[in-house]
Amino acid sequence: MTGTGKIAAAPFFWSLRRERMYRRCLRELFLDSYGGRGGHELWGDPDRRLIHRLKQRRTIPAFCRDLLAESLRQGFLAASGEEEFPESFVRRFDRLLQQLWKRRRQEILLGDPEIDHRIPFFAEPEAARSYEWLFREVDAELQRLTGTGLWRDLLAETGAVPPLDRLIIPSPFTVQLAELTVYTGTHLAWRCGDRVVFLSLVRGADADRDEVYRVIEQYFAWNRLKIPPERVDSILVDPGAPARYDYCGAVTSPGTVMDRILTSATEVALRLDRDGKADPAAFPMAAECPPECRFHPFCH
């Protein structure tokens, strides 16, 4: 299916993840964005089903951060409208995290990721690793990430936000730049006096990512909340970091970031035909395929 036939149009959007695939390997971008079209259908083409499933492959650290982010968002938005103490939020988060991980374990044991491709699965070789080993590794990683003073401070701070100041933002976080849909990994937002704060769970330092997130969050705040950029705070938290998280610094040139987004999106769009269909020939494989690529069986 990755030969000469064009793939039907898919919703077009920009994200930093997609831009990095575009710079790294055009074939990876094609397979991730177009090659699995229709692969969610249970009786669909086997190759497309496999590609569609491989899109959901996660490493154990990434899988655990997804669990933390989903549990944190659920707990943050579940406020009843009454003031609550930070300690109650900590207990709520712990309960939601355990419930979500229990549900994921059951789905994995029942083979649900093979049927419902929205369910993530592990990147570790499944034939060489027992489920007992995988689950033990996830338990250990969750304990490592949530056992730090940094994480407990984060729960205390977000739990102390008055319920009426907690903002419901799109998940995944989305803005519209003209007709272009743009996604980032922002997870929470709340008002703090005359300011608005955005929070993202991330892994490691990444100045490029930080700048993109901050510009998009400022754009969202101005267009949706009428809050100017100078009153927007962006927090990026690495749950595994030993030190206190920091607010992002000022962006030197927001316009440059916006231009970069629109330019890279245009470069991808020009590889599609007039109907938005993707031809595999327009997305050749890079000279060197990275070993961590999810799509090795289709890199040709």
Computed over the chain, the relative contact order (Cα-Cα under 8 Å, seq sep at least six) in percent reads 26 percent
Looks like the range 203-300, by Cα gyration tensor root eigenvalues a ≥ b ≥ c and the a/c under 1.5 rounded cutoff (else prolate when a/b is bigger than b/c, oblate otherwise), is oblate
Residues whose built amide H sits under 5 Å from the amide H of T186, excluding neighbours closer than 5 in sequence, are F173
With a ≥ b ≥ c from the Cα gyration tensor eigenvalues, square-rooted, and the rule rounded for a/c under 1.5, otherwise prolate when a/b > b/c and oblate otherwise, the range 85-205 is oblate
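Highest mean first, what order results for 179-189, 280-290, 138-148 on Cβ atoms within 10 Å? Walk me through the numbers before you get to the answer.
On the way: 179-189: 18.8, 280-290: 14.0, 138-148: 16.0.
Packing order, densest peptide first, comes out as 179-189, 138-148, 280-290.
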Counting only protein heavy atoms and rolling a 1.4 Å probe, one gets per residue an accessible area for the chain in Å² of 51 Å²
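Using a 1.4 angstrom probe on heavy atoms only, work out the carbon and sulfur share of the accessible area of the chain in %. Could you put the intermediate results ahead of the total?
Values: 8160 of 15350 Å².
The value for the chain is 53 percent carbon and sulfur by accessible area.
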Quick shape check on the chain: root eigenvalues a ≥ b ≥ c of the Cα gyration tensor, a/c under 1.5 is rounded, otherwise prolate if a/b tops b/c, else oblate, and it reads oblate
Interchain or sequence-distant (5+) residues whose placed amide H lies within less than 5 Å of the amide H of W14 are T181, V182, Y183
Note to self, the chain gives a 222 nm [θ] from helices alone (DSSP H runs n ≥ 4, -39500 (n - 2.57) apiece, / all residues, nearest 500) of -13000 deg cm²/dmol
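Would you mind putting 227-236, 253-262 in packing order, based on average other-beta-carbon counts within 10 Å, highest first?
227-236, 253-262
The values are calculated or read from the model by the stated rules, or taken from the named source; none is laboratory data. Note that this is a predicted model, so its numbers are computed, not measured. Cβ atoms come from the backbone with ideal geometry, glycine included; neighbour counts cover every protein chain shown. Note: accessible area is taken over every heavy atom of the protein model, side chains too, but ligands, DNA and RNA are not part of it. Shrake-Rupley method; radii C 1.70, N 1.55, O 1.52, S 1.80 Å.
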